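Following: one structure in structure tokens, then a few remarks.
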Amino acid sequence: MSINNSILRSAGLTDKSIKFLIDENGEFNHTIHNDKHDDTLMLYGELSRFPERCPYCGFPMESNYYHNGTDEVRLSLPSTNGFKQELTLTKQRFQCLNCYGTCTSISPDFIENSKITKPLWKQIFDLAKQDISEKLIAHITRLSTSKVHVIISASASDYVTDTTQQLPNVVCIDEVKYRKGHFGFEILNGNTSEFIEIYPQRDNKSIRQYLSQFSLKNRQKVEIVVMDMNAGYQSPIRELFPNAIIVVDRFHIVQLAMKAVQSERIKIQRELSDKKHNRVYKLLKSNWKFFLKAERNIDTSNTKWFRGVHEYMYPQDALQLVFKDFPNFKTVYDVYQSVLDARFNHTFTPLEQLINNYKNNKTEMDTVIKTYKKYIKGIKAAFENNASNGRLEGTNRRIKQIGRTAYGYANSMNYFYRIRIQLHNKFILKQQFLTFKV
Ligand SMILES: [Zn+2]
């Protein structure tokens, strides 16, 4: 029966007890034309495998049954060459000799009470791992969009986080905006940047609920939690990871200071905007990148061409030109440079002194320093430590992109499910997602 096995393989099925029907011309499939829909490639088969035990009384079925007629079902197989592919299956019915209950033949390739076969489910699942819409998945699998939606929803509602997985010693935590006004919360392995989980809520109560599903013993292994400074969920994190130090993400520390430089520069430009021929104005406007560059990388021994002012100048003279008239800009600039140095040198002391001696000057840096003071321990840990969640940014970009593709998801469960299956690594996927309750 090697031809039977070949048909089985080409249909994506595995159960050798499915016997395909081959007609008098030796053909095993036929094209069914339909005016309204695409053509369907139809296979015909029979299945007469009886269950090991009676599903009603548990009696061993082996030779303790009657044949009790047949059922015919039409099952959907994976699409092939752009065709919808289906199997018309004749299933044997059995009657138990012990309790007279009846049941039909079963196969590991099929899902109980579903027309979707497991190989088709796998095809849908495999497509759902890509950043494509449900509509496109429906087109590829030759199913209706609503059917695909139902299948993905069913899988989404069955999804459970694998809380038995061992947490790494470094985790990164960040919030994720996934829809207007909706923020979730994600957790990543800080050593490998592998995705651990994403959750749809970020309030303290939800965070406690999500993370307490990991055992205390497991959570105690976490030594470092890297997170954003303005995160509101500091207290649950401290409670749930009792042995961890909170490290502020260096990227965010630098970003705050950088924004203060940018805003002060723009403020000065506005003040000078009626003096379009002003050198400081032209210098600031055309060389904004220069004012964000780390000072230690600026070559002070050579002159440099400055756009806007159209002059060759020593970089230190260009800086001085601005500082002379705008001393506050110098203060902001110096703090920013200290932050960059702290990151580069992995030392916190010079920056700490600067933060402690800082005097408010009505620039955006006042607020930044206030924030720094509030999170001083976490910032110190950030610079004296190598953990960072810079890589989270990449994940966040992907999540945003998935959100765009998923535009129109009425169901945020489906959205999270898609994010999860697209971000989890293959190994975890196998364990968590291939359950068949469609
Ligand atoms: Zn029985």
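The values are calculated or read from the model by the stated rules, or taken from the named source; none is laboratory data. All figures in this text were calculated on a predicted structure; none of them were measured in a lab. Cβ placement follows ideal geometry from the backbone for every residue including glycine, while neighbour counts extend to all protein chains displayed. The area values use the complete protein model at the heavy-atom level, side chains included, leaving out ligands, DNA and RNA. Shrake-Rupley method; radii C 1.70, N 1.55, O 1.52, S 1.80 Å.
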- Compute the distribution of all C-alpha to C-alpha distances in the chain, in bins of 20 Å from 0, and list the percent of pairs in each, rounded to whole numbers. 20, 35, 27, 14, 5, 0
- Note on the structure: Distance in Å, no decimals, from the C-alpha centre of the stretch 17-69 to the one of the stretch 77-154 is 14 Å
- Task: Go through the stretch 291-307 residue by residue and turn each phi into a ³J(HN,Hα) via Karplus (6.51, -1.76, 1.60, θ = phi - 60°); whole Hz please, and just put x for glycine and proline.
- Result: 6, 9, 6, 5, 4, 5, 9, 8, 7, 8, 8, 10, 7, 9, 7, 9, 5
- Query: What does the charge add up to near Thr40, with Lys and Arg as +1, Asp and Glu as -1, over the other residues with Cβ less than 14 Å from its Cβ?
  - Reply: +1
- Where does helix 412-423 land angle-wise versus the long Cα axis of the chain, in degrees 0 to 90, nearest 10? 80 degrees
- Task: Treating cross-link reach as a plain straight distance, find the aspartates and glutamates whose alpha-carbon is under 20 Å from the alpha-carbon of Lys377, omitting any fewer than eight places away in the same chain.
- Result: Asp174, Glu223, Asp228, Glu239, Asp249, Asp341, Glu352, Asp366
- Note on the structure: With a 1.4 angstrom probe the carbon and sulfur portion of accessible area for the stretch 283-401, in percent, totals 48 percent
- Message: Between helix 364-374 and the chain, what is the angle of the helix's C-alpha long axis to the longest principal axis, kept within 0 to 90° and rounded to the nearest 10?
- Response: 70 degrees
- Message: Test of understanding: what is the full-extension gain from Arg404 to Asp158, defined as 0.36 nm times their sequence separation minus their Cα-Cα distance?
- Response: 86.1 nm
- Rank by packing, highest mean first: peptides 300-309, 413-422, with packing defined as the count of other Cβ atoms within 10 Å averaged across residues. 413-422, 300-309
- Could you tell me what percent of the accessible area of the stretch 2-110 is made up of carbon and sulfur, with a 1.4 Å probe and every protein chain present? 46 percent
- Count the net charge of all other residues whose Cβ sits under 15 Å from the Cβ of Arg296, scoring Lys and Arg as +1 and Asp and Glu as -1. -2
- Message: Suppose all protein chains stay in the model; what accessible area per residue would a 1.4 Å probe give for the chain, in Å²?
- Response: 53 Å²
- In whole Hz, the Karplus estimates of ³J(HN,Hα) for the stretch 147-161 (6.51, -1.76, 1.60; θ = phi - 60°; x where Gly or Pro) are 5, 4, 4, 4, 5, 5, 4, 4, 5, 4, 6, 7, 5, 10, 5
- What does the highest-first list of 397-405, 103-111 look like by mean Cβ count within 10 Å? 103-111, 397-405
- CD proxy, 222 nm, the chain: helix-only mean residue ellipticity via -39,500 (n - 2.57) per DSSP H run with n ≥ 4, per residue, nearest 500, stands at -12500 deg cm²/dmol
- Query: In debye, nearest 20: dipole of the chain around its Cα centre with unit charges on the Cβ of K, R (+) and D, E (-)?
  - Reply: 1840 debye
- Message: Check the chain for me: any Cys whose beta-carbon has no other cysteine beta-carbon within less than 4.7 Å?
- Response: Cys103, Cys172
- Item | Peptide ranges 7-14, 266-273 listed from the most packed, as the mean C-beta count within 10 angstrom indicates | 7-14, 266-273
- Query: Amide H to amide H, which residues 5 or more places from Val247 or on other chains are under 5 Å from it, using H placed in the peptide plane?
  - Reply: Val225, Val226, Met227
